[in-house]
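Below: the structure, in structure tokens.
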Amino acid sequence: MTTKPSVLFVCVHNAGRSQMAAGWLRHLAGDAVEVRSAGSAPADTINPVAVQAMAEVGIDITANKPRILDYETAEASDVMITMGCGDVCPVFPGKRYEDWALEDPAGQGIDAVRPIRDAIRTRVETLIASLAVTP
């Protein structure tokens, strides 16, 4: 890893889980980590309930846009966190991979999305500790 590790969060639509994870990592690690997110089949917009859930904890992800997962972004990332993208996610030797089994917030109300948001925060905190960066 370089002095500033890069983390790529990947889910199918890049509209919920990966966007919340990226929001948490930016919020908790500041500029100590380069944060990226992408999807294997990105949606047109971010899930509005994910935006609402993050706003409740003071994190604004409204400016984020779903992006397609491309080879160059994946190859340039030190850590790749997948959340349900399955076989579509590329694999590169020497990269660190984690698969976070998290429920998809798509089509769910705020009461169902809050626990997903909170579970993501816990995983991001563990990730930050494992990267040995100082926010």
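Observations, loosely collected:
- Annotation: per residue accessible area for the chain equals 49 Å², rounded to a whole number [probe 1.4 Å, protein chains only].
- The chain: C-alpha gyration tensor shape, a/c 1.5 cut-off, then a/b vs b/c: oblate
- MRE, 222 nm, helices only [DSSP H, n ≥ 4, -39500 (n - 2.57), over the chain, to nearest 500]: -11500 deg cm²/dmol
- To put it simply, the accessible area of the range 22-102 at a 1.4 Å probe is 51 percent carbon and sulfur.
- Gain on full stretching of the segment that runs from Tyr71 to Ser130 - 0.36 nm per residue minus C-alpha separation: 18.7 nm
The values are calculated or read from the model by the stated rules, or taken from the named source; none is laboratory data. Small disclaimer: the values here were computed from a predicted structure and weren't measured. Areas reflect the complete protein model, heavy atoms only, side chains present, ligands, DNA and RNA absent. Shrake-Rupley method; radii C 1.70, N 1.55, O 1.52, S 1.80 Å.
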